[in-house]
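Have a look at the structure below, then the notes.
The values are calculated or read from the model by the stated rules, or taken from the named source; none is laboratory data. A quick note: this is a predicted structure, and the numbers were derived from the prediction, not measured. A quick note on method: Cβ atoms are made from the backbone with ideal geometry, for glycine too, and the neighbour counts reach across all protein chains shown.
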Amino acid sequence: MYRIALLPCDGIGPEVLNEGLKVLDVAARKFGIKYETIPYDIGGDRYLRTGEVLPDSVMEELRQVDAIFLGAVGHPDVQPGILEHGILLKLRFELDQYVNLRPVKLYPGVETPLKDKGPKDIDFVVVRENTEDMYVGIGGSMKKGTPDEVATQLAVYTRKGTERIIRYAFELARKRAKNNTLTMVDKANVLTYGHDLWTRTFAEVGQEYPDITQEHAFVDACCMWFVKNPEWFDVVVTTNMFGDIITDLGAMIQGGMGVAASGNINPEGISMFEPIHGSAPKHAGLGKACPIAAISAAGMMLDTLGETEAALAIETAIEKALATGTVPATTGPEGSTQRTGDLVASLV
Ligand code: IPM
Ligand code: MN
C-alpha cells in the first residue's frame with residue numbers, strides 16, 4: 001500500500017494534478033497497485049490566509065510517505081521567492097532529492113518548432129543536479145536600496161554532490177542503452193573553481209564507465225545544439241541553475257510546457273514528481289491547461305516506486321492519445337484539460 005502525498009498548490013496545479021490522479025487510478029486498478037492519497041492544503045492561498053508556507057508538522061508527515069505528487073507553485077499575490085523557496089526548494093533540499101530528472105521527448109502527433117526534426121531526433125534526458133549551486137540560498141546584501149548596494153549569491157558545489165549526480169547520470173545512460181552517451185554541460189571556461197570540480201569528477205567517475213561515450217558542451221553551445229542537433233543527445237548531466245534553464249528550452253523543442261514532466265528523485269528516499277511548468281495563474285480554473293506533463297509525472301512516480309509495468313502502460317497511453325493529433329500540447333479550449341485526462345485514462 002503506497003502512501004502518496006498530494007500537493008496541488010497554486011494556479012493550474014490542482015486541475016492538472018486531478019488528471020494525473022485520474023490516470024494513476026486506472027493504471028493502479030489494472031495492475032493491482034494499492035495506494036492511498038493524502039492531500040495537503042499548501043500554497044499561495046494558505047500563505048495569504050494564515051501566513052504559513054510549509055509548517056513543520058506537514059514537513060514531518062511528508063517524511064513518512066512513499067512519494068509526493070505536486071502540481072505547481074507560484075501565486076500572483078505572493079512576492080516571488082517565498083513559495084518557491086518555502087515549498088518546492090525546501091522539499092527538494094530537506095528530502096535530499098538530488099536528482100532532477102527531465103526527459104525531453106517529442107511524441108508522434110506533437111509539433112516541434114524545429115523544422116525537419118521528428119520524434120526520432122528528440123529523445124533525451126536531462127539529469128539536473130537538484131540540491132546545490134546558486135539554489136542553496138547563501139548570500140547577502142549591504143547598503144540595500146542605495147546606489148552603493150552590493151549583493152552576493154553564492155554558487156556551492158561539493159565533491160559528494162557532484163559525484164553522486166554524475167554517477168546517477170552514467171548509470172542512466174547505461175540503463176537507457178540508446179546511444180550510450182553522456183554529455184556534461186557546464187561553463188568550466190568561466191566558472192574555473194566550481195566547474196573545474198565538475199570536470200575532474202566527470203573524468204574520474206567516467207573511468208568506471210568505459211562503455212559510455214563521454215561528451216562535453218558549454219552551456220551556451222548546448223542551447224544552440226538542442227535546437228540545431230537535438231539528435232546528438234542521449235543523457236545530459238548538468239548543474240542546478242543550468243539544468244533549470246536548459247530544460248525550459250527542452251520543453252519547447254518537445255512541443256510545449258504542457259508535455260514536460262519532472263521527477264525530483266532521492267534514489268534512497270522519498271521522491272517528488274511534478275510537471276515542469278509553473279502555476280500559470282491566468283489559465284487557472286478554466287480547464288485549458290494540458291495535463292500531459294502531470295500525467296507523465298504520475299507515470300514517472302510509478303516507475304520510481306518500481307511499478308514499471310504500470311508506468312509503461314501510462315507512457316503508452318500518452319503516446320496513443322497524442323498520436324490522435326487531437327490533444328493540445330500547451331493550452332487548449334476550455335474543458336480540454338479534463339478531456340485529455342479522460343482520453344489518456346481510456347487508453348491505459
Ligand atoms: C523548476 C522551477 C523551479 C526551479 C522554481 C519554481 C523554483 O523553475 O522546477 O524548474 O527553478 O527549479
Ligand atoms: Mn524551471
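For the residues 159, 164, the requirement of being buried (at least 16 other Cβ atoms within 10 Å of the Cβ) and either modelled with pLDDT of 95 or more or closer than 22 Å to residue 221 by Cβ (or both) singles out 164. When residue 41 is tested against the conditions (1) surrounded by fewer than 17 Cβ atoms within 10 Å (Cβ to Cβ); (2) in contact (Cβ under 8 Å) with a residue 40 or more places away in the chain; (3) assigned to a loop (DSSP other than H, G, I, E, B), the lone failure is (2). Identify the residue in segment 250-279 that is more than 12 Å from ligand 1 (Cβ to nearest atom) and assigned to a loop (DSSP other than H, G, I, E, B) and, among all such residues, is surrounded by the fewest Cβ atoms within 10 Å (Cβ to Cβ). Applying the filter and picking the extreme gives 268. Against the condition in contact with a helix residue (DSSP H, G or I) (Cβ under 7 Å, 6 or more places away or on another chain), of a type in the set (Val, Ile, Thr), within 21 Å of residue 281 (Cα to Cα) and not in a helix (DSSP H, G or I), how does residue 16 come out, does it pass? It is false that residue 16 is in contact with a helix residue (DSSP H, G or I) (Cβ under 7 Å, 6 or more places away or on another chain), of a type in the set (Val, Ile, Thr), within 21 Å of residue 281 (Cα to Cα) and not in a helix (DSSP H, G or I).
Just one residue in the set 302, 312 is surrounded by fewer than 23 Cβ atoms within 10 Å (Cβ to Cβ), away from ligand 1 (no atom under 16 Å from the Cβ) and assigned by TED's automatic domain parsing to the domain that holds residue 90; that residue is 312. Anything in segment 1-16 that is on the phi < 0 side of the Ramachandran plot and out of contact with any Asp or Glu (no Cβ under 9 Å at 6 or more places or on another chain)? List them, or say none. Listed by number, the residues that qualify are 6, 12, 14, 15, 16. Residue 70 meets the conditions (1) touching a residue at least 60 places away in the same chain (Cβ under 8 Å); (2) more than 16 Å from ligand 1 (Cβ to nearest atom) in every case but one. The failed one is (2).
Filtering 180, 189, 240 for residues that are away from ligand 1 (no atom under 16 Å from the Cβ) and either under 28 Å from residue 107 (Cα atoms) or out of contact with any strand residue (DSSP E or B) (no Cβ under 9 Å at 6 or more places or on another chain) (or both) leaves a single hit, 180.
Determine whether residue 289 is surrounded by 21 or more Cβ atoms within 10 Å (Cβ to Cβ), within 16 Å of ligand 2 (Cβ to nearest atom) and within 16 Å of residue 344 (Cα to Cα). Walk me through it before giving the result.
Numbers: surrounded by 21 or more Cβ atoms within 10 Å (Cβ to Cβ): yes; within 16 Å of ligand 2 (Cβ to nearest atom): no; within 16 Å of residue 344 (Cα to Cα): yes.
In short, no.
In segment 94-117, which residues are within 16 Å of ligand 2 (Cβ to nearest atom) and outside any loop (DSSP other than H, G, I, E, B)? Scanning segment 94-117 gives 99, 100, 101, 102, 103, 104.
Within segment 91-129, track down each residue that is more than 15 Å from the chain's Cα centre (by Cα), among the basic types (Lys, Arg) and buried (at least 17 other Cβ atoms within 10 Å of the Cβ). If the condition is that a residue be more than 15 Å from the chain's Cα centre (by Cα), among the basic types (Lys, Arg) and buried (at least 17 other Cβ atoms within 10 Å of the Cβ), then 117 is the only one that fits.
Can you say whether residue 340 is assigned to a helix (DSSP H, G or I) and not assigned by TED's automatic domain parsing to the domain that holds residue 123, as far as the supplied structure shows?
On the way: assigned to a helix (DSSP H, G or I): yes; not assigned by TED's automatic domain parsing to the domain that holds residue 123: yes.
Spelling it out, residue 340 is indeed assigned to a helix (DSSP H, G or I) and not assigned by TED's automatic domain parsing to the domain that holds residue 123.
Of the strands (runs of 3 or more DSSP E) lying entirely inside segment 118-209, those containing at least 2 residues that are of a type in the set (A, V, I, L, M, F, W, C) span 123-129, 150-153, 181-186. Here residue 245 meets each of (1) closer than 19 Å to residue 89 by Cα; (2) touching a residue at least 40 places away in the same chain (Cβ under 8 Å) with one exception, condition (2).
Checking each residue in segment 231-251 for being away from ligand 2 (no atom under 11 Å from the Cβ) and acidic (Asp, Glu) picks out 231, 234. Restricting to segment 6-30, name every residue that is farther than 30 Å from residue 48 by Cα and not β-branched (Val, Ile, Thr). Scanning segment 6-30 gives 24, 25, 27, 28, 29, 30.
Per-residue answers, yes or no, for (1) assigned by TED's automatic domain parsing to the domain that holds residue 43; (2) more than 25 Å from residue 186 (Cα to Cα):
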position	(1), (2)
67	yes, yes
76	yes, yes
85	yes, no
92	yes, no
129	no, no
136	no, no
